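The values are calculated or read from the model by the stated rules, or taken from the named source; none is laboratory data. If you're wondering where the values come from, they're calculated on a predicted model, not measured in any experiment. FYI the Cβ positions are ideal-geometry reconstructions off the backbone, even for glycines, and counts take in every protein chain you see.
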């Protein structure tokens, strides 16, 4: 395919040479004559840039379109010929290049027209440039076709009405001015609505295109007014027209240069990077500051952010696009980027390839963080489930077992009162049963209170802690700075923390007293239990106080499950201080 | 003596009613929840209402709230609270408005018929009953060594006795023909002698009273 493009080169050379010769040795005097230099410049610009673009991007219609427009441009110069058949063809296609030009600027950069309005504009352009021209040729010749003298014969003239022919050509020029201004506004609006990377793509072509359209509009108006400005507007028009293909190719070249930044990226990725650095590096390489990264989390078959939170894949209407990065056939990451990058999939692919390893590293870290997020959530759920279960057990014991035991106790009491003095030997047995029952009830009471602190639910943390301190086996001083109710799980955690820490102090510290301090600062609840005992406590139980370790581990778990912090300070001989900071989100 | 019983467990309220009748009380009715109990009390005006702390619908402290409501509407009706837990806090709340005609017992104490009927009678006659387990929690640690009550002056002891009757500072001052200020000074001195610390929820007055009652 690409080799065949070279066959067009000799054709272009012949066409260019012929058109330039015609422009230089013009027999006919036509309106808006470009002259030999501009003829060559515009045609060569269109064909050379068109071929280059066609060669680099065979799938993009812009290249062939530019080449075609170039040939049509040269063909239009046949209108300068004196030979009748050449003249006739030349006049017929004289302005068709305008339609090609409008197609090029409207369809840039994809080569595809975007909507109905674009298509209507092209149809109108072809109808005006070719249709009205041919229609005029059916009626007029010579002056009727705006010939200033020396023109060839019009071979397709059927009627003789130069007045109508000139009128048709006037309509053509008014239509041309309207079309031009419409296209100009359309392009400007499009540029203003474009995102930053898109604008970068459009700017040069927009400037050259709009300048051309403006110059064309001025030329047409000037011509309608009887050319008070002579040939200046036309020359400016042709000059700017020659710039459009150059701007198109320059934009494509710049895209290719952007891929050079991939090399810089590779060098940069050789160094250790933080997640934010990787994102910034990729954003720079792609020229899209809005770039976001998401990583594949296979355990849940979805994408997550760098810190492990779920990410939604953007839908087609979201104004964002995603590109999946794969390694060995499995997804590792997703780039969420501006839609403009879709026209530059080559760059995106290169960047993805270069960043593959770094992305895989980041993905593994993101997966780890996602698992941590999940782990914390499941820890919280476990604690909540445990608390609910404790509540259920306490309730069942209270409503069932305790009530029944009390009822038995009552029956025994009744039995005792009914025993006649004659049945005296039964009395000690009944009393024995009563004593055993009282002990069982007392044990059950202690047990249920330990399982679930009803007072905490009913009266809140300060009062529950007060009761706890009252029951402690050591003198306990309580200081509470808290006058609101906190979320259940926070109060429960703080209560169990204090309860366990207190019983630790009583059992292991050999101290004389213990201080319990609770403070609340809007976002954090701090609970601290300090004794004046022997110290040496450690979480692993490896310290001087054997047996306290597992209890401390449990305390740490409960606090950390709520995203809190647990600290222990227990220097030998200087008491133990346990501290929990629990966030109250 | 006429008694009303409020307990959500049918096995207990029926058992209790039977025991009380056995002991010679007249049981005017039984109630399964706080509303029913309030209605029963309103209707039959018993001498004593025996109330389970935990009752429907939330099974938390409905009984305690019902007891407070009865005390407000009918100060003459004695209240005996039954609880399965040793919650000194609830005893304090109950005693805060005066100690005459109130009692707080662990539920299992009902097994001893003599103790039960003695407690009901005492409450019915305007006395007070506090479960030994609760008392030991409230004043237990202060009983190590000598009895601090003995260190009070006669005047302080007099003030404390009036406090135990549920009288306000003003009423005590009127009764003793002294100024409010003097009464406050005595009370402060009593707290100091009984070594009652300033607690976050200041209920030293009740603790002083409990200490006094316990020594009687």
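Quick notes on this one:
- Residue in segment B:54-64 that is assigned to a helix (DSSP H, G or I), facing another protein chain (nearest Cβ under 8 Å) and over 12 Å from the mean Cα position of the chain (by Cα) present: no
- Search result, residues across segment B:151-176 that are part of a helix (DSSP H, G or I) and at pLDDT below 80: B:164
- Of the criteria (1) part of a helix (DSSP H, G or I); (2) at the interface with another protein chain (Cβ under 8 Å from one of its Cβ atoms); (3) modelled with pLDDT under 90; (4) over 52 Å from the mean Cα position of the chain (by Cα), which one residue A:458 fails: (4)
- Against the test of being assigned to a strand (DSSP E or B) and in contact (Cβ under 8 Å) with a residue 40 or more places away in the chain, the options B:86, B:5, B:27 yield a single qualifying residue, B:5.
- Hey, residue B:72 exposed (fewer than 14 other Cβ atoms within 10 Å of the Cβ), without any contact (Cβ under 8 Å) to a residue 40 or more places away in the chain and either more than 14 Å from chain A (Cβ to nearest Cβ) or touching a helix residue (DSSP H, G or I) at 6+ places or on another chain (Cβ under 8 Å) (or both) or not: yes
- Among the candidates B:129, B:123, the residue that is in a helix (DSSP H, G or I) and in the same structural domain as residue B:46 (by TED's automatic domain parsing) is uniquely B:123.
- Evaluation of residue B:49 against (1) modelled with pLDDT of 90 or more; (2) part of a helix (DSSP H, G or I) (one fails), failing number: (2)
- Scope segment A:464-490; condition crowded, with 19+ Cβ neighbours inside 10 Å, out of contact with any strand residue (DSSP E or B) (no Cβ under 9 Å at 6 or more places or on another chain) and either under 18 Å from residue B:196 (Cβ atoms) or more than 9 Å from every other protein chain (Cβ to nearest Cβ) (or both); matching residues: A:467
- Filtering segment B:1-12 to residues that are under 22 Å from residue B:61 (Cα atoms) and either away from chain A (no Cβ under 11 Å) or surrounded by fewer than 20 Cβ atoms within 10 Å (Cβ to Cβ) (or both) leaves B:3, B:4, B:5, B:6, B:10, B:11.
- Test: residue in segment B:29-36 that is in the same structural domain as residue B:92 (by TED's automatic domain parsing), crowded, with 18+ Cβ neighbours inside 10 Å and within 17 Å of residue B:120 (Cα to Cα): yes
- Meets criteria (touching a helix residue (DSSP H, G or I) at 6+ places or on another chain (Cβ under 9 Å), at pLDDT 90 or above, within 7 Å of chain B (Cβ to nearest Cβ) and assigned to a helix (DSSP H, G or I)) for residue A:441: yes
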